[in-house]
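Engineer: One structure, as structure tokens, below. Some questions next.
The values are calculated or read from the model by the stated rules, or taken from the named source; none is laboratory data. Please read these numbers as outputs of a predicted model, since none were measured by experiment. Neighbour counts are summed over all protein chains in view; Cβ atoms, including those assigned to glycine, are modelled from backbone coordinates with ideal geometry. Keep in mind that these areas ignore ligands, DNA and RNA; they rest on the heavy atoms of the full protein, side chains included. Shrake-Rupley method; radii C 1.70, N 1.55, O 1.52, S 1.80 Å.
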Amino acid sequence: PDPEDRFLDRELSWLAFNERVLDLASDPDMPLLERVRFLSIFATNLDEFFMVRVAGLKRRINTGLAVPSVTGRMPLQVMHAIGVRAHDLMTRHATLLKDDIGPRLDAESITKVQVDELTE
């Protein structure tokens, strides 16, 4: 018989990919501004993931097209797994910015400003 885990869930696999982007931001051997760049890529990717993939999954659930994925999980199970995994990743992202990269930026006198604080 084929192993039960021979298929990957599309959405959870995508989150695993984005976790690898976050891993690059976590790498202390990476130049500081590259780490900031990877934090930004992670956040942008996650926004798009929710706007496109999660929205599509919700649409399938709401329209009654909720069929099991290739992994055998029902869409509501996938949504739950996404919620747990995404929360863990977002917490890791915020902690990395607050406790590691943010203080390093401050130490290098790199100022963080809001868009409305920028001058022409």
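Engineer: Restricted to the range 49-98, and to residues that are more than 23 Å from Asp23 (Cα to Cα) and among the small types (Gly, Ala, Ser), which residue is nearest to the chain's Cα centre (by Cα)?
Structural biologist: So, considering only residues that are more than 23 Å from Asp23 (Cα to Cα) and among the small types (Gly, Ala, Ser), the one nearest to the chain's Cα centre (by Cα) is Ala55.
Engineer: Starting from the range 1-30, keep only residues that are over 23 Å from Ser69 (Cα atoms), then list their pairs with residues that are at pLDDT 95 or above and open to solvent by 40 Å² or more (accessible area, probe 1.4 Å) whose Cβ atoms are within a distance under 6 Å, requiring at least 6 positions of separation or different chains.
Structural biologist: Val21/Ile41
Engineer: Okay, next question. Can you confirm whether the range 56-64 contains a residue that is open to solvent by 80 Å² or more (accessible area, probe 1.4 Å), touching a helix residue (DSSP H, G or I) at 6+ places or on another chain (Cβ under 9 Å) and among the charged types (D, E, K, R)? Please lay out each step first, then the result.
Structural biologist: As a first pass, look at the range 56-64 and keep what is open to solvent by 80 Å² or more (accessible area, probe 1.4 Å): 58-60, 62-63.
Still in the running and touching a helix residue (DSSP H, G or I) at 6+ places or on another chain (Cβ under 9 Å): 58, 60.
Next, from what is left, pick out any that are among the charged types (D, E, K, R): 58, 60.
The answer is yes; a qualifying residue exists.
Engineer: Suppose we filter the range 78-120 for residues that are in contact (Cβ under 8 Å) with a residue 24 or more places away in the chain, closer than 22 Å to Trp14 by Cβ and exposed (fewer than 15 other Cβ atoms within 10 Å of the Cβ); how many remain?
Structural biologist: Result for the range 78-120: 1.
Engineer: Right, something else. Go through the range 21-44 residue by residue and tally those that are in contact with a Phe, Trp or Tyr (Cβ under 8 Å, 6 or more places away or on another chain) and assigned to a helix (DSSP H, G or I).
Structural biologist: Of all residues in the range 21-44, those in contact with a Phe, Trp or Tyr (Cβ under 8 Å, 6 or more places away or on another chain) come to 21-22, 24-25, 30.
Add one more test, that the residue is assigned to a helix (DSSP H, G or I), and what stays is 21-22, 24-25.
Selection size over the range 21-44: 4.
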